[in-house]
Structures are given as C-alpha cells and as structure tokens.
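Following: one structure in structure tokens, then a few remarks.
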Amino acid sequence: MTRINLLPPEERSRAAREQGLLLAIIGLVLLVVALGAVYFMSFRQVNAKQAQINDVAAQIDVANVQLAQLKPYQTMQIQRQAMNLTAAQILNSRVIMSNILEEVSLLLPSGVSLQSMTLTVPAYMTAGSTAATAAGATSAPGTDLSMSGTADASSVYTANNLVATTLTQLGLMPQIMNIKLTSAVATGGSVPVNFTITANLRPFATTPPLAPAAPTITMGGGQ
C-alpha cells in the first residue's frame, strides 16, 4: 500500500530541519565524548610519565648523595695511583751501590787491590733535588767515583799493565763513564804501583721524581 504524507510542506521542512539539528547535536555530543576520552587517556599517560620522571629524579638524588659520600675515596684512589707512579719512577731511578761495588770487585784483575773507594751520587741524579737537570747532564769529570789501590806484580811494567787492564775492565760497567787514570806511581821505582782512578755515574734517561736524597759511602782497606 502506498504511504501518503499528509503533512503540509512547511511542516515537512521543519521536521527535516529538526532531524538535521538533532543529528548535529548527537554528532557534537559524540565528538565531545571522543575528545574527552582522548584527553582522559592523554592525561593518564602524562601522569604516568610524570611519575616515572619523579622516580628517576629521586634515584638521581640518591645517586648524588652516594656519589658525594664516595668522593673522598675517589680522591684517595687518585692519590694512590699518583703515589704508585712515583714509587715506580723512584724504583727505576735507583743507584744501587751494592751492585756497583760487586761489579768493581768482580772486574779487578788478580794482583790489583783497592785501598779506598768513594762513591757519591751527583745532585742531578738525586730524586727531588733542586739541582736536578735534564736527562744527559753530567757533573764535573771524576767527581762521582774515586778509587785508590795498588797493582803488585813481578815488575813495574807488569804492574802498569795490570792498572791498564783495570781501566779496560771498568769500562765494561754500564753504570759509569769518563773513566780516567789520575795517577800511577811506583814508589822508589819498584812495585807495587799505587794508582788512583776516577769516573762519573752515567745519568738516568729521565730525571728522578721526588724522593729522599741518596747517601755517600766511603770504604777503606780490603781487596
């Protein structure tokens, strides 16, 4: 059966407008609801992120407090490393006098004996000395090591050869340089021949760090 709309045309137009307005209101309500939902979700996410930020900030504060407490230990660690480095440098720049004395005793030929020996570590090789200079510096010739002794043999010639051999043998020592024979005298023209030899200690490759001054030793008598 065919339906016939008996409403006047102006009523039909008003009904269409009211229906369109209702649809617009419903659409606006749905849009507001959707925007509210988006805002609510965004608000929750922002709050969650802010809570995370606050938690991380609290952890940073705790870490800063712990770091401040550990700061003295860091300073101690730096000082310990510096002390270890200085100790290693001092160890590597030692003048081991016992080794020098032992090598001298091993290098003396038979028939040669020492009456005295003086060994002084120069200022530029002394750790912490104000007179320390750049590597390679030397003191005055013959001021570090001095030894006096006798060479006894069947003749003055042979004794002098022993003195010359002593000079050659001492040249094998890496710790000394500038080895010189300052005197060789045969008293009364006969043996033994009394001699004096001087030398310098060889400088370190690098200037020693701060440390106590090295000693001076003097020996007399013996062979």
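The values are calculated or read from the model by the stated rules, or taken from the named source; none is laboratory data. Because the structure is a prediction, the values reported are computed rather than measured. Positions of Cβ are backbone-derived with ideal geometry, glycine not excepted, and every protein chain shown enters the neighbour counts. Remember, those area values only see protein heavy atoms, side chains included, never the ligands or the DNA or RNA. Shrake-Rupley method; radii C 1.70, N 1.55, O 1.52, S 1.80 Å.
Worth a mention:
- Selection within segment 167-177 - open to solvent by less than 70 Å² (accessible area, probe 1.4 Å), more than 17 Å from Gly149 (Cβ to Cβ) and of a type outside the set (A, V, I, L, M): Gln175
- Just one residue in the set Leu22, Leu35 is at pLDDT below 85 and of a type outside the set (Val, Ile, Thr); that residue is Leu22.
- Against the test of being closer than 19 Å to Met97 by Cα and modelled with pLDDT of 90 or more, the options Gln169, Gln175 yield a single qualifying residue, Gln169.
- Screening Ala186, Ala211, Ala151, Ala205 for residues that are surrounded by 17 or more Cβ atoms within 10 Å (Cβ to Cβ), modelled with pLDDT under 85 and over 16 Å from Ile100 (Cβ atoms) leaves exactly one candidate, Ala211.
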